[in-house]
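Following: one structure in structure tokens, then a few remarks.
The values are calculated or read from the model by the stated rules, or taken from the named source; none is laboratory data. If you're wondering where the values come from, they're calculated on a predicted model, not measured in any experiment. Note: ideal-geometry Cβ built from the backbone for every residue, glycine included; neighbour counts use all protein chains shown.
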Amino acid sequence: MRQLQELAESINGTVAGSEQAEISGAATIARSRSGDITFAQSQKHYDEFLRSEASAVVVSRGVLLDSTRDAIIVDNALDAFTQIVSQFRPPVKRSPVGISPRAIVSDSADIADGACIHAGAVIMEGVTIGSGTTVFPNVTVMEGCVIGANCTLFPNCTLYEQTILGDRVVLHAGVVLGTWGFGYHSSANGHRISAQLGNVVVGNDVELGANTTIDRGTFDSTTIGDGTKMDDQVMVGHNCEIGKHNLFCSQVGIAGSCTTGDFVVMGGQVGLGDHLDIGSNVSIGAKSGLMHNVEPNQRIQGIPARPARQAMQIMAITGKLPEMRKEMKRLQKEIESLESNARPESIRDAA
């Protein structure tokens, strides 16, 4: 239990209301209950708070307040509320384990001081791991991989041989890097796998969601640029070159040999055909299917993907097709009636 004034002091906020109000927890507006503190960044959100059971609110400066409800006024409600939630539900603090005796680490591996290798991890020959990096249980790092400083590899990640990670990379559970590319030489005798002689290179400050997979290059590297973030279950094919600070939502699938510029955003379940070039600052809407290159600074969506405005117009018209079909039939009957009435009387009688 915390008093409102105590919470306000911890986030450099100002109390509006009762400083002694007791707060037992923190929750978003929709899930808040009596005793909780929540947050509101805008007048609209604050009005939602007024209809909620929450006992108090962290509110951004400039929002008009109801004098009967307790609040903490701050510059940025979201940032302040994040700090408060951390006080009620502090992140887990893990003690450094060094290299666990239950990890399997090759004698030829170079593990920097300050790295943590948990039980069940397998570090194979010639691997280099930087200081401050944590490798959780059941991670497999194959021969010749290089992992930078302050990286986090959550359980069950697999790095195929020669994979390279920069600094501060986060791989969530089940990420697989360096798998063979899906490329085959087909003939009457079947399908023969193409060369798999490249690797995967991941830049600094990259985060890859759970069960994301990235294929190795055929001869060169599949590359992921600095600062790029991928959601869960993203798939990047062989030979791709992904730019800096891209954002890929869940289940994006990118076929081989595609390139993206910087600050590209792809919504959930976007699919790219092979050998496409996507310019910088392109936004691709969810479920879009793309089979052509895209110039920089475009917003596209749809199947097939097209400029977003055009796609929205097509979607709106498609929804009206049943009504338009009905109206067309009515007009057709009306035209037939007019044509019949316009014929000379003798012709009508003969008909």
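Could you check region 1-116 for strands (runs of 3 or more DSSP E) lying wholly inside it with 3 or more residues that are β-branched (V, I, T)?
On the way: elements: 14-16, 36-40, 56-60, 70-74.
Correct list: 56-60, 70-74.
Of the conditions (1) touching a His at 6+ places or on another chain (Cβ under 6 Å); (2) more than 29 Å from H245 (Cβ to Cβ); (3) surrounded by 18 or more Cβ atoms within 10 Å (Cβ to Cβ), R192 clears all except one; give me its number.
With respect to (1) touching a His at 6+ places or on another chain (Cβ under 6 Å); (2) more than 29 Å from H245 (Cβ to Cβ); (3) surrounded by 18 or more Cβ atoms within 10 Å (Cβ to Cβ), R192 is out only on (3).
Can you pull out every residue in region 160-176 that is under 17 Å from A115 (Cα atoms) and of a type outside the set (V, I, T)?
So the first thing to find is which residues in region 160-176 are under 17 Å from A115 (Cα atoms), and the list is 164-171.
Within region 160-176, L165, G166, D167, R168, L171 meet the criteria.
Can you tell which of V15, V59 is among the aliphatic types (A, V, I, L, M), more than 30 Å from T152 (Cα to Cα) and touching a Leu at 6+ places or on another chain (Cβ under 6 Å)?
The match here is V15.
Go through region 71-87 and give me each residue that's surrounded by 19 or more Cβ atoms within 10 Å (Cβ to Cβ) and more than 17 Å from S42 (Cβ to Cβ).
Let us first name the residues in region 71-87 that are surrounded by 19 or more Cβ atoms within 10 Å (Cβ to Cβ), namely 71-74, 77, 80-81, 84.
Matches in region 71-87: I84 only.
Every residue, every condition in (1) of a type in the set (A, V, I, L, M, F, W, C); (2) modelled with pLDDT of 95 or more; (3) closer than 18 Å to N150 by Cβ; (4) outside the structural domain of T14 (by TED's automatic domain parsing), yes or no:
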residue: A77; (1), (2), (3), (4): yes, yes, no, no
residue: F81; (1), (2), (3), (4): yes, yes, no, no
residue: R94; (1), (2), (3), (4): no, no, yes, yes
residue: G98; (1), (2), (3), (4): no, no, yes, yes
residue: R102; (1), (2), (3), (4): no, yes, no, yes
residue: V105; (1), (2), (3), (4): yes, yes, no, yes
residue: D110; (1), (2), (3), (4): no, yes, yes, yes
residue: H118; (1), (2), (3), (4): no, yes, yes, yes
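For L208, state whether it is closer than 26 Å to S108 by Cα and buried (at least 18 other Cβ atoms within 10 Å of the Cβ).
Details: closer than 26 Å to S108 by Cα: no; buried (at least 18 other Cβ atoms within 10 Å of the Cβ): yes.
No, not satisfied.
Return the pair list, or none, for Cβ contacts closer than 7 Å from residues in region 211-227 that are part of a loop (DSSP other than H, G, I, E, B) to residues that are of a type in the set (S, T, Y), at least 6 apart or on different chains.
Correct list of pairs: R216/Y160; R216/T179; R216/T222; T218/S194.
Could you list, in sequence order, all residues of region 219-236 that are surrounded by fewer than 24 Cβ atoms within 10 Å (Cβ to Cβ) and in contact with a Leu (Cβ under 7 Å, 6 or more places away or on another chain)?
Those that are surrounded by fewer than 24 Cβ atoms within 10 Å (Cβ to Cβ) and in contact with a Leu (Cβ under 7 Å, 6 or more places away or on another chain): F219, K229.
Can you run down the residue pairs with Cβ atoms below 8 Å, 6 or more apart or on separate chains, where the first is in region 9-33 and closer than 16 Å to I73 by Cβ and the partner is surrounded by 15 or more Cβ atoms within 10 Å (Cβ to Cβ) and charged (D, E, K, R)?
What qualifies is V15/D70; A16/D70; G17/R69; G17/D70; S18/D70; A21/D70; I23/R2; I23/D36.
Residue under question is I117, and the condition is that it be under 32 Å from the mean Cα position of the chain (by Cα), surrounded by 13 or more Cβ atoms within 10 Å (Cβ to Cβ) and over 21 Å from T152 (Cβ atoms); does it hold? Before you say what the answer is, go through the steps one by one.
Working: under 32 Å from the mean Cα position of the chain (by Cα): yes; surrounded by 13 or more Cβ atoms within 10 Å (Cβ to Cβ): yes; over 21 Å from T152 (Cβ atoms): no.
Considered against the rule, which asks whether it is under 32 Å from the mean Cα position of the chain (by Cα), surrounded by 13 or more Cβ atoms within 10 Å (Cβ to Cβ) and over 21 Å from T152 (Cβ atoms), I117 comes out as no.
Considering (1) surrounded by fewer than 13 Cβ atoms within 10 Å (Cβ to Cβ); (2) more than 28 Å from the chain's Cα centre (by Cα), say which one M124 fails and leave the rest.
All conditions pass for M124, except number (1).
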